[in-house]
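Asker: Could you have a look at this structure, given as structure tokens, before my questions?
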Amino acid sequence: MASRDDIVIEITPQVLLKAYACGIFPMAESAEDPALYWIEPQHRGILLLDQVHVPRRLARTVRAGEFEVRVDSNFEGVISGCAASRPGRRTTWINAKIRSLYRELFKSGHCHTVETWQHGKLVGGLYGVALNGAFFGESMFSTARDASKVALVYLCARLIHGKFSLLDTQFVTEHLKQFGTVEIDRTDFHSKLEQALAQQADFHALPKDASPDVILGTIAAGRPLPAAG
């Protein structure tokens, strides 16, 4: 892990994309800290897209259509949700510079959001960066039960359908373990990253109105399925 001595004064969106291609990403000490520093964990969390596990109760929630899932419709709402304080956690590492960088990546089509809405209100979601066949998950939030989990399920189906081969979760958490996230060492991660960067993928290949059955079927098959029905 990087130290405070490794602080980078200026990071542009172009530099950030090059950093992702090298397996590193930026973080801030806190939301109030204006500085950023690079992180390259010795061990990396990844979610194997051909082995995604959707818990049975969560699958029922997806099928029931309790949430409307949108893609790339409210970047500001998602990143604000990820940065917000809530019970058990104060603020996150998402500072003003992080917001600015990922906003620019969103405008250029490299940063994406998957959002869960309920009764017209944004109640959960996630954002991350797509680079060729790799997707780098950054953060997620939820203000309603299962909202972020449903967003992750829809993200996995979208990545599978779009022929991505790597979903980088950065670290392994209990929240992510239930979906099959595993930890690999830096060398293995770089090997998988190199393969993913050599592939072409399409984040928008899956129609935004894909049905819950298509979402769950795509994950179960671990490969693209017809998006109708």
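Asker: Which whole-angstrom value gives the distance between the alpha carbon centres of region 41-73 and region 112-128?
Answerer: 13 Å
Asker: Counting only complete DSSP H runs, which helices of the chain cover 20 Å or more along their long axis at the Cα atoms and score a mean Kyte-Doolittle of 0.0 or above?
Answerer: Helices meeting the criterion: 147-161.
Asker: A further question follows. Lys208 accessible area, nearest 10 Å², 1.4 Å probe?
Answerer: Taking all protein chains as shown, Lys208 has close to 130 Å².
Asker: Report the label-to-label distance for Asp185 and Glu68 in nanometres (one decimal), using points 7 Å from each Cα along the Cα→Cβ vector.
Answerer: Distance between label points: 4.9 nm.
Asker: Can you work out the accessible area per residue across the chain, with the rest of the protein chains kept in place, probe 1.4 Å, in square angstrom?
Answerer: The answer is 47 Å² per residue.
Asker: Strictly over 24 Å apart at the Cα level, which of Lys18/Lys149; Lys97/Lys149; Lys107/Lys163; Lys18/Lys97; Lys107/Lys177 would you flag in this model?
Answerer: Table pairs above 24 Å Cα-Cα are Lys18/Lys149; Lys97/Lys149; Lys107/Lys177.
Asker: Note down the nm distance, to one decimal, between modelled labels 7 Å out along Cα→Cβ at Ser30 and at Thr12.
Answerer: Each label point lies 7 Å from its Cα, and together they span 3.2 nm.
Asker: Which value, in Å² and to the nearest 10, is the accessible area of His43 when all protein chains are kept and the probe is 1.4 Å?
Answerer: Counting only protein heavy atoms, His43 exposes about 90 Å² to solvent.
Asker: For region 83-229, with all protein chains present and a 1.4 Å probe, just round the carbon and sulfur fraction of the accessible area to a whole percent.
Answerer: For region 83-229, the apolar C and S fraction of the accessible surface comes to 51 percent.
Asker: Taking the Cβ of Gly109 as the center, what net charge do the other residues with Cβ under 12 Å away carry, scoring Lys and Arg +1 and Asp and Glu -1? Please report the intermediate quantities before stating the final value.
Answerer: Numbers: positive: Lys107; negative: Asp72, Glu104, Asp202.
Once positives and negatives cancel, what remains is -2.
Asker: Return the sequence-ordered ³J(HN,Hα) values of region 38-53 in whole Hz as given by the Karplus equation 6.51 cos²θ - 1.76 cosθ + 1.60 applied to θ = phi - 60°, using x for Gly and Pro.
Answerer: In residue order, the calculated couplings are 7, 10, 9, x, 5, 10, 10, x, 9, 10, 5, 5, 8, 9, 5, 10 Hz.
Asker: From the helices alone, meaning DSSP H stretches of at least four residues, give me the mean residue ellipticity at 222 nm for the chain, per-run term -39500 (n - 2.57), in deg cm²/dmol to the nearest 500.
Answerer: Taking each H run of at least 4 residues, the total per residue is -10500 deg cm²/dmol.
Asker: By the gyration tensor of its Cα atoms, with a ≥ b ≥ c the square roots of the eigenvalues, what is the shape of region 38-89: rounded for a/c under 1.5, prolate for a/b over b/c, or oblate?
Answerer: Judged from the Cα gyration tensor, region 38-89 comes out oblate (a/c at least 1.5, b/c at or above a/b).
Asker: Here is a follow-up. Explain nothing, just compute: Karplus ³J(HN,Hα) = 6.51 cos²θ - 1.76 cosθ + 1.60, θ = phi - 60°, for every residue of region 175-183 in order, whole Hz, x for Gly and Pro.
Answerer: So the J values, rounded to whole Hz, are 4, 7, 4, 5, 8, x, 5, 10, 10.
Asker: If you don't mind, another one. Would you check the accessible area of Lys163, probe 1.4 Å, heavy atoms only, in square angstrom rounded to 10?
Answerer: In the full protein context, Lys163 sits at about 140 Å².
The values are calculated or read from the model by the stated rules, or taken from the named source; none is laboratory data. Computed from a predicted structure; not experimentally measured. Note that each Cβ is placed from the backbone with ideal geometry, even for glycine, and that neighbours are counted across all protein chains shown. With ligands, DNA and RNA removed, areas are computed over all heavy atoms of the protein, side chains included. Shrake-Rupley method; radii C 1.70, N 1.55, O 1.52, S 1.80 Å.
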